[in-house]
Amino acid sequence: MITSSQNPKLKLVRALLGRPKERRETEAFVVEGVRLVEEAVKANWQFQFVLFSDGLGERGKELVKTLTANQIEVEETSGDLLQNLSETETPQGILAVLQLSNLPIPDSPNFVLIPDQIRDPGNLGTLLRTAAAAGAQAALLPPETTDAFAPKVLRAGMGTHFRLPIHSMTWDEIREQIKDLQIYLADMNGRSCWETDLHQPLALIIGSEAEGASEEARKLTAQKIAIPMPGNIESLNAGVAGSVLMFEVLRQSSLNTRDTKGH
């Protein structure tokens with residue numbers, strides 16, 4: 001049982017929770033809570049180790065049994081020490097250090113999300129979670145976008161990271177990856193998304209609410225789309241706006257599929 005705050009495992013967890021550079025150099029990240037650890041198990045993700053405290057509920061205790069049966073290193077930790085590490089308001093008494101790796105991008109993807117300069121972790125996590133729900137095959141993160149494996153992004157993603165290929169790339173790499181796709185930029189001065197044909201293979205760029213899309217993003221396309229808003233509201237936050245647009249892509253794709261089958 002771990003009882004010292006100077007334990008090497010606890011020091012590693014603190015470093016991984018706090019610094020993107022540490023996550024990149026160590027090639028590891030931390031997930032907290034029963035659900036996220038369960039999702040990692042379901043995805044057969046590579047674990048380094050798991051820490052838990054005696055405050056675990058029944059579901060958590062069953063999870064520890066499963067982890068142990070899968071020969072994953074599990075170690076009990078003093079409840080106070082684990083609570084002090086936690087980034088959540090109500091810690092569940094379990095966290096895992098996982099291998100930082102990227103799921104492969106499928107060949108010829110037809111729907112890609114590019115969250116450009118999204119710096120709010122909650123917004124990025126929401127966009128990634130929605131992308132997975134709406135059937136996107138990948139999320140490509142350009143420079144100046146927050147780290148996808150930061151704790152708050154992981155919590156907002158609710159397990160998305162174990163299902164959706166999420167890759168940080170340079171703009172040159174992104175340009176090469178999406179060269180065969182139509183590219184649309186979310187912009188309040190764009191054409192209505194309801195009136196734009198979005199059923200063809202495409203990449204969707206969502207810029208930050210505060211600054212909009214970067215110059216590099218704007219160089220990629222002249223095609224801009226907007227969400228009609230008859231109410232007296234200037235804009236939506238990036239997470240909400242991106243979610244509306246991604247489900248419009250899904251809606252049009254579904255309609256096109258039904259029309260094709262009908263004929």
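Report, by residue number, each residue of segment 129-185 that is of a type in the set (Lys, Arg) and within 20 Å of SER108 (Cα to Cα).
ARG163, ARG175, LYS179
Of all residues in segment 104-145, how many are closer than 21 Å to ALA43 by Cα, over 10 Å from the mean Cα position of the chain (by Cα) and charged (D, E, K, R)?
1
Quick one: which residue in THR26, THR77, THR68, THR90 is of a type in the set (Ser, Thr, Tyr), closer than 24 Å to SER168 by Cα and out of contact with any Pro (no Cβ under 8 Å at 6 or more places or on another chain)?
Criteria check complete, one pass: THR26.
Would you check if there is a residue in segment 156-168 being assigned to a helix (DSSP H, G or I), in contact with a helix residue (DSSP H, G or I) (Cβ under 9 Å, 6 or more places away or on another chain), among the hydrophobic types (A, V, I, L, M, F, W, C) and free of Cβ contacts under 8 Å to residues at least 60 places away in the same chain?
Yes - at least one qualifying residue is present in segment 156-168.
Kindly list the number of the only condition in (1) out of contact with any Cys (no Cβ under 8 Å at 6 or more places or on another chain); (2) modelled with pLDDT of 95 or more that fails for ALA241.
(2)
If you go through segment 86-138 one residue at a time, how many are closer than 22 Å to GLN177 by Cα and hydroxyl-bearing (Ser, Thr, Tyr)?
Number of matching residues: 3.
Would you point out which residue out of ASN102, ASN123 is of a type in the set (S, T, N, Q) and assigned to a helix (DSSP H, G or I)?
ASN123
The values are calculated or read from the model by the stated rules, or taken from the named source; none is laboratory data. Everything numeric in this text was worked out from a predicted model, so none of it was measured. Glycine gets a Cβ as well: all are built from the backbone with ideal geometry, and neighbour counts include every protein chain shown.
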